[in-house]
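Peer 1: The following block contains the structure, expressed as structure tokens.
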Amino acid sequence: MGEFELLERDGLARLGRFATPHGTIQTPALLPVVHPDAARQPVAPRELRRRFGLGAVITSAYITYRTPALRPVAEEKGIHGLLDFDGPVMTDSGAFQQHAYGRIEVGPEEIDAFQRRIGSDIATVLDVFVEPGASEQEARAGVDATIERARTARPLHRGLLAVPVQGGLYPELRRRSAAEASALGDVLAVGGVVPLMERYRFADLARAILAARPALAPERAVHLFGTGHPMTFAFAALFGVDLFDSSAYLKFARRGDLLFSHGTVAIDDLRERTCRCALCEAMPLPEVAHLPPAERERRIAEHNLLTSAAEVAEVRQAIRDGALWELVERRAANHPALLAGLRATIRGTRVFLPTEPESRRSFRVTGATSGLRPCVIRFLAHKDGWADGRGPFRTHPRVPLVPGALRSTPSRCRDGSELWWEVLTTFGPVPLELTELYPVGCAVGFEEFDDGGAPPAGPDLAGLDVEAGTDWTDAWTERHRDALLEWLYGRESAGALAALGLTGERSRRTGRLRALRWDGRKAFTIGNDGVPRPTWLGAQLLHRTLRYPAKRIIVQPDAEDFVAQGRSLFSRFVAGGDSSLVPGASALLIDADDHLLAVGRLLLAPPEMGRMPRGVAVRVTAHLRAPEEPEEPEGPAQAAGDPGLPPNLQP
Ligand code: GUN
Ligand code: ZN
């Protein structure tokens, strides 16, 4: 328990499972804030689960403790009895009341003991709420006190403990607070940010989370206190926030405000039926506006819960699709404050790079910030390295997707000198050889729809002394092959691989490079992301060509047999590896003596491997042995010492 399991990811954003004594939370999850007094809670926790699919809640241990009518009930029946709810219940400790009222009337140990007595599934350490305007001294004192209290609380808790991360707007304090919380908490709860969200200071919010993020342990669940507005969910999830909590659905309902993923709308301004959710279908919002106050508030709260739950689902789907950046950009287009948050996020690209996937299914340009996504920044930096020493480049029309286009693109002049071409893409000029790679190859920008319909002209050969009428396709296929191998494996290894005589195969329909073959057999397949993926044969070739530990993940002895038989490599069985690998990349799975067991694609980034106690680290795609037939070198898998390999590559 208390272990976060990652199932799917899109960069830092993740879909996961977090187990509690009252059931597992599927994350990202929205925990509605419920009032411990049923009379003040218009939608009962059971209803939240049944009608809105919100299966876990958060409530205030502090209010429960301080309310004479509630405390004895909670002491006797537990918090689940008080709330009449048998799902996961997180309790908060009172720091928010310190923010709202300037003080609280309970000590940290008192409220900690109370949370244990009432059987909270996730208890929260009583933190010191650090206001965004706090001086550095105040902020440091708040962080220190919070850490001290967490240290006191930890040994007393067998159950799950949320440790708040404070630090105001001081990056170094946020970082230290996150690091200390990571050592003590099961849930790392980033706090002190409600005033930022209330004032739409999303750029400051982004900077606070960016400062904390690298120090937040990947094996813990991350909570962001007060992420109640659905327009912020995608933004928060982008940083790897797993749990949001919301009292916004209720607070906004009290003042007649409707929550949407695109912003807030006052119900009294609404004359049209803009929402057709099931609730608003039953009673249109302009009619809800005229209901008696209590009924009106309940209806608005329910609408708000529905739009919030729908936005969580939207975020989850975007993570599955690898489209969360796009969703965030679309949300940011709804309010300049969110756009400011996104721009501040982009300035922190470095934080995203270690978990930034090698590729995604698609890349859609949604606006001016699309070209600044981490995948683009990384591509352009890598491109500059690749192009170093090549050139000068000439501009080539955008033709690589047209079948046969390469036929008329010369690769050399008559005097043997190489010709270098670059294509003007959404991301600026890109060498022709790299244009099928993610994100360039699958990017859909507005240019796509604004080319006037004219077919691209051929390359401009004026002033070049080339043989006209020559078919250059094979020359280009070779260059393309070498370019991709160098892109992935560096110049030296690419040279060794090319020397093996790999041949490229193009799709007849699209003209794109689709496979690399060795001796007629497929060694690499190339998908829409343009990245060559080794087959078992390809893995063997790589293994003999790439110097240890490049592109390798080392499997612990306990798991060697499983992996060699094609089972996924679990995080806890990883012994080490090449730290430059990223999620989605192909890696060679080896034993401690560098024997090749399998090849697979990373789900986790290397720094997360071994730390995450549960779940898959690498999904195996081809492997050494058939299952249950340990000694049989048959099928697609081939034993080491493959007689089909060239003599200089025999082990
Ligand atoms: N609720 C909203 N913000 C906070 C915070 O910073 N700490 C705690 N404990 N609860 C909160
Ligand atoms: Zn509605």
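Peer 1: Specify which of the listed residues (Leu216, Leu250) is more than 13 Å from ligand 1 (Cβ to nearest atom) and in contact with a Pro (Cβ under 8 Å, 6 or more places away or on another chain).
Peer 2: On the way: Leu216 fails: in contact with a Pro (Cβ under 8 Å, 6 or more places away or on another chain).
Only one candidate passes the filter, namely Leu250.
Peer 1: Within the stretch 462-484, count every residue that is open to solvent by less than 30 Å² (accessible area, probe 1.4 Å) and part of a loop (DSSP other than H, G, I, E, B).
Peer 2: So the count comes out to 2.
Peer 1: Which one is nearest to the chain's Cα centre (by Cα), of the residues in the stretch 554-569 that are among the small types (Gly, Ala, Ser) and farther than 22 Å from Phe4 by Cα?
Peer 2: Filtering the stretch 554-569 for residues among the small types (Gly, Ala, Ser) gives 559, 564, 566, 568.
Going one step further and asking which of them are farther than 22 Å from Phe4 by Cα, we end up with 564, 566.
Working: Ala564: 29, Gly566: 26 Å.
Per the stated criteria, the residue is Gly566.
Table: residues versus (1) in contact with a helix residue (DSSP H, G or I) (Cβ under 6 Å, 6 or more places away or on another chain); (2) free of Cβ contacts under 8 Å to residues at least 40 places away in the same chain; (3) open to solvent by 40 Å² or more (accessible area, probe 1.4 Å); (4) hydrophobic (A, V, I, L, M, F, W, C).
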residue: Glu486; (1), (2), (3), (4): yes, no, no, no
residue: Leu497; (1), (2), (3), (4): yes, no, no, yes
residue: Ala515; (1), (2), (3), (4): no, yes, no, yes
residue: Gly530; (1), (2), (3), (4): no, no, no, no
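Peer 1: Return the only residue of Val143, Val128 being in contact with a Ser or Thr (Cβ under 7 Å, 6 or more places away or on another chain) and either in a loop (DSSP other than H, G, I, E, B) or open to solvent by 60 Å² or more (accessible area, probe 1.4 Å) (or both).
Peer 2: Details: Val143 fails: either in a loop (DSSP other than H, G, I, E, B) or open to solvent by 60 Å² or more (accessible area, probe 1.4 Å) (or both).
Every option except Val128 fails the conditions.
Peer 1: In the stretch 573-621, what residues are assigned to a loop (DSSP other than H, G, I, E, B) and among the charged types (D, E, K, R)? I'd like the intermediate steps shown before the answer.
Peer 2: Restricting attention to the stretch 573-621, the residues satisfying the condition of being assigned to a loop (DSSP other than H, G, I, E, B) are 578-585, 591-595, 603-605, 609-615.
Within the stretch 573-621, Asp578, Asp591, Asp593, Asp594, Arg611, Arg614 qualify.
Peer 1: Would you call Arg572 open to solvent by 30 Å² or more (accessible area, probe 1.4 Å), modelled with pLDDT of 95 or more, under 30 Å from the mean Cα position of the chain (by Cα) and charged (D, E, K, R)? Step through it out loud before you land on a result.
Peer 2: Numbers: open to solvent by 30 Å² or more (accessible area, probe 1.4 Å): yes; modelled with pLDDT of 95 or more: yes; under 30 Å from the mean Cα position of the chain (by Cα): yes; charged (D, E, K, R): yes.
So Arg572 passes the test.
Peer 1: Of (1) under 35 Å from the mean Cα position of the chain (by Cα); (2) more than 10 Å from ligand 1 (Cβ to nearest atom); (3) open to solvent by 20 Å² or more (accessible area, probe 1.4 Å), Val57 satisfies all except one. Which?
Peer 2: (3)
Peer 1: In the stretch 379-399, what residues are open to solvent by 50 Å² or more (accessible area, probe 1.4 Å) and touching a residue at least 12 places away in the same chain (Cβ under 8 Å)?
Peer 2: His382, Arg390, Pro392, Phe393, Arg394, Thr395, Arg398
Peer 1: Could you please find all residues in the stretch 288-347 being farther than 25 Å from Ala206 by Cβ and outside any helix (DSSP H, G or I)?
Peer 2: Ala289, His290, Leu291, Pro292
Peer 1: Can you find even one residue in the stretch 2-14 that is closer than 26 Å to Ala113 by Cα, in contact (Cβ under 8 Å) with a residue 24 or more places away in the chain and surrounded by fewer than 20 Cβ atoms within 10 Å (Cβ to Cβ)?
Peer 2: Keep residues of the stretch 2-14 that are closer than 26 Å to Ala113 by Cα, which gives 2-4.
The next check asks that each one be in contact (Cβ under 8 Å) with a residue 24 or more places away in the chain; those that pass are 2-4.
The next check asks that each one be surrounded by fewer than 20 Cβ atoms within 10 Å (Cβ to Cβ); those that pass are 2-3.
Scanning the stretch 2-14 turns up at least one residue that is closer than 26 Å to Ala113 by Cα, in contact (Cβ under 8 Å) with a residue 24 or more places away in the chain and surrounded by fewer than 20 Cβ atoms within 10 Å (Cβ to Cβ).
Peer 1: Is it the case, given these coordinates, that Tyr200 is at positive phi, in contact (Cβ under 8 Å) with a residue 24 or more places away in the chain, open to solvent by 50 Å² or more (accessible area, probe 1.4 Å) and away from ligand 1 (no atom under 12 Å from the Cβ)?
Peer 2: Yes, satisfied.
Peer 1: Can you tell me how many residues in the stretch 576-626 are among the acidic types (Asp, Glu) and open to solvent by 30 Å² or more (accessible area, probe 1.4 Å)? Before you say what the answer is, go through the steps one by one.
Peer 2: Of the stretch 576-626, the ones among the acidic types (Asp, Glu) are 578, 591, 593-594, 608.
From what's left, open to solvent by 30 Å² or more (accessible area, probe 1.4 Å): 593-594.
Residues in the stretch 576-626 being among the acidic types (Asp, Glu) and open to solvent by 30 Å² or more (accessible area, probe 1.4 Å): 2 in total.
Peer 1: Checking Glu314 against (1) more than 21 Å from Ser246 (Cβ to Cβ); (2) in contact (Cβ under 8 Å) with a residue 40 or more places away in the chain, which test does it fail?
Peer 2: The number of the failed condition is (1).
Peer 1: Next question, about the same structure. Among the residues of the stretch 65-77, are any open to solvent by less than 10 Å² (accessible area, probe 1.4 Å), in a loop (DSSP other than H, G, I, E, B) and away from ligand 2 (no atom under 16 Å from the Cβ)?
Peer 2: Step one: list which residues in the stretch 65-77 are open to solvent by less than 10 Å² (accessible area, probe 1.4 Å), which gives 74.
So of that shortlist, the ones also in a loop (DSSP other than H, G, I, E, B) come out as none.
Checked against the condition, which is being open to solvent by less than 10 Å² (accessible area, probe 1.4 Å), in a loop (DSSP other than H, G, I, E, B) and away from ligand 2 (no atom under 16 Å from the Cβ), the stretch 65-77 yields no hits at all.
Peer 1: Output the qualifying pairs, or none if there are none: Cβ atoms under 8 angstrom, residues six or more apart or on different chains, first residue in the stretch 280-292 and touching a residue at least 24 places away in the same chain (Cβ under 8 Å), second residue charged (D, E, K, R) and away from ligand 1 (no atom under 16 Å from the Cβ).
Peer 2: Correct list of pairs: Leu285/Arg273; Ala289/Asp268; Ala289/Arg296.
Peer 1: For Asp578, indicate whether it is in contact with a Lys or Arg (Cβ under 9 Å, 6 or more places away or on another chain), among the charged types (D, E, K, R) and within 26 Å of Trp472 (Cβ to Cβ). Working first, answer last.
Peer 2: Working: in contact with a Lys or Arg (Cβ under 9 Å, 6 or more places away or on another chain): yes; among the charged types (D, E, K, R): yes; within 26 Å of Trp472 (Cβ to Cβ): no.
For Asp578, the condition - in contact with a Lys or Arg (Cβ under 9 Å, 6 or more places away or on another chain), among the charged types (D, E, K, R) and within 26 Å of Trp472 (Cβ to Cβ) - is not met.
Peer 1: Check the stretch 215-233 and report whether any residue there is charged (D, E, K, R) and open to solvent by 10 Å² or more (accessible area, probe 1.4 Å). Before the answer, list the steps.
Peer 2: Kept after step one, since they are charged (D, E, K, R), are these residues of the stretch 215-233: 219-220.
Subsequent filtering for residues that are open to solvent by 10 Å² or more (accessible area, probe 1.4 Å) retains 219-220.
Yes - at least one qualifying residue is present in the stretch 215-233.
Peer 1: Output yes when any residue across the stretch 365-374 is farther than 23 Å from Pro214 by Cβ, open to solvent by 20 Å² or more (accessible area, probe 1.4 Å), in contact (Cβ under 8 Å) with a residue 60 or more places away in the chain and outside any loop (DSSP other than H, G, I, E, B), and no when none is. First the steps, then the outcome.
Peer 2: Kept after step one, since they are farther than 23 Å from Pro214 by Cβ, are these residues of the stretch 365-374: 365-368, 370-371.
Then keep just the ones that are open to solvent by 20 Å² or more (accessible area, probe 1.4 Å); that gives 365-368, 371.
Restricting the remaining residues to those that are in contact (Cβ under 8 Å) with a residue 60 or more places away in the chain gives 365.
Narrowing further to those that are outside any loop (DSSP other than H, G, I, E, B): none.
No, the conditions are met nowhere in the stretch 365-374.
Residues checked against (1) out of contact with any strand residue (DSSP E or B) (no Cβ under 9 Å at 6 or more places or on another chain); (2) hydroxyl-bearing (Ser, Thr, Tyr); (3) in contact (Cβ under 8 Å) with a residue 24 or more places away in the chain:
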position: Thr64; (1), (2), (3): no, yes, yes
position: Pro68; (1), (2), (3): yes, no, no
position: Ile79; (1), (2), (3): no, no, yes
position: Asp86; (1), (2), (3): no, no, yes
position: Val89; (1), (2), (3): no, no, yes
position: Ser93; (1), (2), (3): no, yes, yes
position: Gln98; (1), (2), (3): yes, no, yes
position: Gly107; (1), (2), (3): yes, no, no
position: Arg117; (1), (2), (3): yes, no, yes
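Peer 1: Mind listing just one residue for me: the one in the stretch 275-308 that is more than 10 Å from ligand 2 (Cβ to nearest atom) and acidic (Asp, Glu) and, of those, most open to solvent (accessible area, probe 1.4 Å)?
Peer 2: The residue in question is Glu287.
Peer 1: Inside the stretch 415-443, can you point out the residues that are farther than 21 Å from Ala475 by Cβ and either of a type in the set (Gly, Ala, Ser) or open to solvent by 40 Å² or more (accessible area, probe 1.4 Å) (or both)?
Peer 2: Filtering the stretch 415-443 down to residues farther than 21 Å from Ala475 by Cβ leaves 424-429, 438-440, 442-443.
Leu424, Thr426, Gly428, Pro429, Ala443 - these are the residues of the stretch 415-443 that are farther than 21 Å from Ala475 by Cβ and either of a type in the set (Gly, Ala, Ser) or open to solvent by 40 Å² or more (accessible area, probe 1.4 Å) (or both).
Peer 1: Then there's this: Identify the residue in the stretch 171-208 that is out of contact with any helix residue (DSSP H, G or I) (no Cβ under 7 Å at 6 or more places or on another chain) and among the acidic types (Asp, Glu) and, among all such residues, is modelled with the lowest pLDDT.
Peer 2: By that ranking, first place goes to Glu198.
The values are calculated or read from the model by the stated rules, or taken from the named source; none is laboratory data. Just so it is clear, the model here is predicted, and its values are computed rather than measured. Reconstructed Cβ throughout: ideal geometry from the backbone, glycine too, with neighbour counts over all protein chains shown. The area values use the complete protein model at the heavy-atom level, side chains included, leaving out ligands, DNA and RNA. Shrake-Rupley method; radii C 1.70, N 1.55, O 1.52, S 1.80 Å.
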